[in-house]
Each structure stands twice: as C-alpha cells, then as structure tokens.
Amino acid sequence: MFRKVLVANRGECARRIIRTCQRLDIATVAVYSEADASAPHVRDADEAYLVGPAPVPQSYLDHSAVLDAVSRSGADAVHPGWGLLSENPEFAEGVHGVGACFIGPSPELLRAFGDKLSARRLAEKAGLALPPGTGHAASVDEETALWSEAEAIGYPLMVKAAAGGGGIGMARVEDPGALLAAVQACTARAQGAFGDATVYFEKYLDRPRHIELQLVADGAGCVRILGERECSVQRRHQKIVEEGPSPAAHIDHSDLAAWRQKSVVLFESCGFAGAGTVEFIVEPSGEMYFLEVNPRLQVEHAVTEMCTGIDIVEEQLRVAAGAGLSPQAESPKSEGHAIEARIYAEDPARKFLPQPGTLRRLVWPERSADLRIESGVVEGDVVTPYYDPMIAKLIAVGVDRTAAIKRLDCALSELSIELVGPKGPKATNVSFLRTVLGSSAFVSADYATDLVASLG
C-alpha cells in the first residue's frame, strides 16, 4: 500500500479520504488555500501545504501549485477526490510526471469519458441505448445545419456542453427561435468553465428519473457493480437527495439486469481501473438511456457504502497500488436502504441562492450505526462565497425505505444550525429537505427530476 497520500481536494471530501488513509496507516498530506488555512481538513492531515489565495483557479485548480506540494511532501500517490482536478487528464499526467501515482483511471480514460460525445460513442459500442441527439459538435457557424438537426431531434431539446458537468453549459430550447442564442450562450459558458466550447444537441426528456450504477474495477478485467442509486431530487441539475437502491418500480427488472451487464462490458472494454459510475435516465414509460460516465468517486458514494459495508476509497487505494479489489468487493452484498441529504447554506425561497456566513451554532444529531455525518466545517467556521456552500451530508440507513426516511428525517430535526452574516441570519435548506422527505411524491417513490420544482 502507499506510504503517503496527498489529497488534492478540500472540505468534507478531503476529510473523508483522509479518514480511510488513517485507518490504513497511510500518512496524509492536505493542500489548502488562504481561505482554508484553519479548515478541519488541514488539521486532520499529517502535513499541509498552501497552494494559493482563496479563488479556486488560483489555488485548488492550479496544477503547478498542487504538483509542487506533491514534490515537496514526498507523497507517493495523489487522491483527487471529486470535482476540482479529479477528471483532469493533464493533472493526472502531471502527477505521474513528478513520480507519484494518480489514484484514478488513466489520463486517456479521463479524456475519453470527460468528453460526453466520446463517452456516448463508447457506451453505444457496449450496447447502451443513447437518447436521440446529434452525436457530434454543433457549430454556430453552420446555422442551417443547426436548425436541420434540431428539427430532426424535435423540440424541446437540450444544448449540452461536451466537457460539462454540474449543470454548467446546459440549456433547454423550446422552439427554433431560441436555438441560436442558446447555442451561443452554452458555447461561451463551456469555454469559460471548461476551456472547451464544444456543445451538442440531445432530446429533452420530460420527467425522467436519474439513476446511476456504482462500479469498481481492478483494470485487469475484474469489474463489479456495488449497487444502484436514485439521484432524481435535483435543483439546478445538481443532486440534493440520493438513495439506494432505486425505488423506481416501473423499471423492468430484466431491463435493469441488461443495463448492469452492458455497463460491466463498457468498463471491461476500456480497462477501467478504480471507482466510477455509469449514469442513465429513465422515462416514465420505462425507456432507459445512457447519460454519462463519472470516472471518479461520487459525492453520494456513502449511500452505497452504508448498504454494502464496502469502503470505496479503500478499493480505489487498493487498485491504484496494484493489490486488486478486496474479497468483499469481489463478491458484494447489499442490505437495507440508505438515503443521503446534502445540507447547504442556501435559500430555497430565493431559487437556492447561496448564503455565505458564519456558523455561529452547529450541533449534529447523535451519531449511530444507522446515521453517518460527513462535513468539512465545524462550529465557528465561515461558509465562504469562494466554494460550494455545502455544510454537510447526512446519510441514514434502515432495514427498508420507510425506515431510512424516518431515520433521516429524525436526524434533520435534531440538526441545529445558526448561520449568520453581517446583516443578520442566513438560510439553510434543512427545512426544505424535510419537506422533500415528507412529500407524497417522495414517500410513494413516484417522483422524477422535476420534484424540487413541483414543491416550489
């Protein structure tokens, strides 16, 4: 196993990875910005290195600064976590260049799956169905082709950034009159956010469910599915509640079994190593379409861990070190039902506007075997405007879905947060999350990606 791992991330993500490394007696290295100098993840690590000022592009996304920390620390491996540099092939190459191991897929696979058009082609070869779309880049310089291709797909449709993620570079287009402006806007946002202006068209699917399969693979042909997760509770195309297994009753069991097998074929065919997810969407009719592959750890991985008892970070470390999957992961078993709620400093009544402020009070519900709490902050910390405003994740598990909902709602009711800014109290989404859990649509499992919008 590795001697020392640098975690190229921050907040609860870094803390979660550090925790597994400590359990395995692996020394840890944190990186931090000036705004995070006293952050919990810095205190958790054995050593830490400053990588720049508060803005993300000048610190956590600064390849040279992070790679310098790798060299200075003598770390023999780098875990990128999720977000930030986790899917950046140039950074992965840089890690190899300074003599360390990148804990994740190869740079070539990061490129292949980071480009959604390339990922679509790989998925199609594995037999996975694709939603109607162009399958190639849409160009603002070819207006006639734009209208022709859009007409063939049908309205409404989605303009999507090929290198996108987190809902960035996406726009719904209702009619031909709005098409060119949407392409221009998404192209500009994609270029600014990802350095890649490529966009393409995809049929807009009304009220789909968003489901993903969690896979682990050793890079030598052993691929295992640990379970599936339902991720349909979203705002701004970003997940806020996830559960596993999916309660989507209208998915035919034989169809899901076929998708699981084809997802394994996809990972086998490209020699995937580590942890990743195959994500797909399901129409109310039961029709299933490939969405994307995330070749990294997911924010919601704890849902699967709570049901299987498998530490997915440990599996990543094992595979990267050449030890292969653990016996438990090679023969995974899942029990019960788990649900995760993401706690944000944001105001649901104001379109989920971020609410930076100071955590004057932060009291967690009592931890137990059926409740897991992941957080990157402690009482007294500041939720800054520089980073994602997530305060914590609460993950509850029960013998069945009803028990899991009850346990999570109870935990949310016990959570006490007082967030304040210069002009007074700031909002969080805790009450809204309880509204989601108590809604008839969620309780009956008859919900889709429009659930949040339907709750106002």
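The values are calculated or read from the model by the stated rules, or taken from the named source; none is laboratory data. Worth saying up front: this structure is predicted, and the values here are computed from it rather than measured. Note: ideal-geometry Cβ built from the backbone for every residue, glycine included; neighbour counts use all protein chains shown.
A Cβ distance below 8 Å, combined with a sequence gap of six or more or placement on separate chains, defines the contacts here; from the stretch 269-296, residues that are closer than 13 Å to Leu256 by Cβ reach residues that are charged (D, E, K, R) in the pairs Val278/Glu212; Phe280/Glu212; Val282/Arg209; Gly286/Asp252; Gly286/Asp255; Met288/Asp255. Test Gln298 against the criterion of being closer than 29 Å to Leu408 by Cα and assigned to a helix (DSSP H, G or I), and give yes or no. No, not satisfied.
Scanning the stretch 279-309 for residues that are over 18 Å from Gly81 (Cβ atoms), touching a Leu at 6+ places or on another chain (Cβ under 7 Å) and not polar (S, T, N, Q) yields Glu279, Phe280, Ile281, Glu283, Tyr289, Phe290. Looking across the stretch 247-266, just one residue is among the polar types (S, T, N, Q) and either crowded, with 16+ Cβ neighbours inside 10 Å or in contact with a Ser or Thr (Cβ under 9 Å, 6 or more places away or on another chain) (or both), and that is Ser263. Out of the stretch 211-231, which residues are out of contact with any strand residue (DSSP E or B) (no Cβ under 6 Å at 6 or more places or on another chain) and at pLDDT 95 or above? Result: Asp218, Cys222. Considering the stretch 137-153, the residues that are in a loop (DSSP other than H, G, I, E, B) and either in the same structural domain as Asn294 (by TED's automatic domain parsing) or touching a Phe, Trp or Tyr at 6+ places or on another chain (Cβ under 9 Å) (or both) include one that is farthest from Glu268 (Cα to Cα), namely Ala138. Filter the stretch 373-406 down to the residues that are basic (Lys, Arg) and surrounded by fewer than 20 Cβ atoms within 10 Å (Cβ to Cβ), then identify the one that is nearest to Thr435 (Cα to Cα). In this case the residue turns out to be Lys406. Pairing each residue of the stretch 348-371 that is closer than 23 Å to Ala411 by Cβ with any residue that is assigned to a strand (DSSP E or B) and of a type in the set (D, E, K, R), provided the two are 6+ apart or on different chains, yields C-beta distances under 6 Å for Phe352/Arg235; Phe352/Glu346; Gln355/Glu346; Gln355/Asp347; Gln355/Lys426; Gly357/Lys426; Arg360/Glu418; Arg361/Glu418. Only one of the numbered conditions (1) more than 23 Å from Cys13 (Cβ to Cβ); (2) free of Cβ contacts under 8 Å to residues at least 24 places away in the same chain is violated by Glu414, and that is (2).
Note on the stretch 232-244: among residues that are closer than 16 Å to Glu279 by Cα and modelled with pLDDT under 95, the one that is farthest from the chain's Cα centre (by Cα) is His237. A single entry from Asp68, Asp62 fulfils the requirement of being of a type in the set (Asp, Glu) and more than 22 Å from the chain's Cα centre (by Cα): Asp68. Within the stretch 80-93, is there a residue that is polar (S, T, N, Q), assigned to a helix (DSSP H, G or I) and not assigned by TED's automatic domain parsing to the domain that holds Val383? There is no residue in the stretch 80-93 that is polar (S, T, N, Q), assigned to a helix (DSSP H, G or I) and not assigned by TED's automatic domain parsing to the domain that holds Val383.
Which of (1) farther than 30 Å from Pro389 by Cβ; (2) aromatic (Phe, Trp, Tyr); (3) within 22 Å of the chain's Cα centre (by Cα) does Phe201 not meet, given it meets every other one? Of the numbered conditions (1) farther than 30 Å from Pro389 by Cβ; (2) aromatic (Phe, Trp, Tyr); (3) within 22 Å of the chain's Cα centre (by Cα), the odd one out for Phe201 is (3).
Filter the stretch 407-456 for residues that are surrounded by 14 or more Cβ atoms within 10 Å (Cβ to Cβ), closer than 21 Å to Asp370 by Cα and of a type in the set (Asp, Glu) and give the result. Asp409, the sole residue that qualifies.
The set of residues from the stretch 103-136 being in contact with a Lys or Arg (Cβ under 8 Å, 6 or more places away or on another chain), assigned to a loop (DSSP other than H, G, I, E, B) and small (Gly, Ala, Ser) comprises Gly104, Ala126, Gly127, Gly135.
Where strands (runs of 3 or more DSSP E) fall wholly inside the stretch 159-246, no range has 3 or more residues that are outside the structural domain of Thr304 (by TED's automatic domain parsing), buried (at least 16 other Cβ atoms within 10 Å of the Cβ) and in contact with a Cys (Cβ under 6 Å, 6 or more places away or on another chain).
On the given criteria, is Ala150 buried (at least 20 other Cβ atoms within 10 Å of the Cβ), in contact with a helix residue (DSSP H, G or I) (Cβ under 6 Å, 6 or more places away or on another chain) and at pLDDT below 90? No. Pairs are defined by a Cβ separation below 6 Å, a sequence spacing of at least 6 or placement on different chains, a first member in the stretch 375-401 that is closer than 16 Å to Lys426 by Cα, and a second member that is of a type in the set (Asp, Glu) and surrounded by 19 or more Cβ atoms within 10 Å (Cβ to Cβ); the pairs so defined are Pro389/Glu346.
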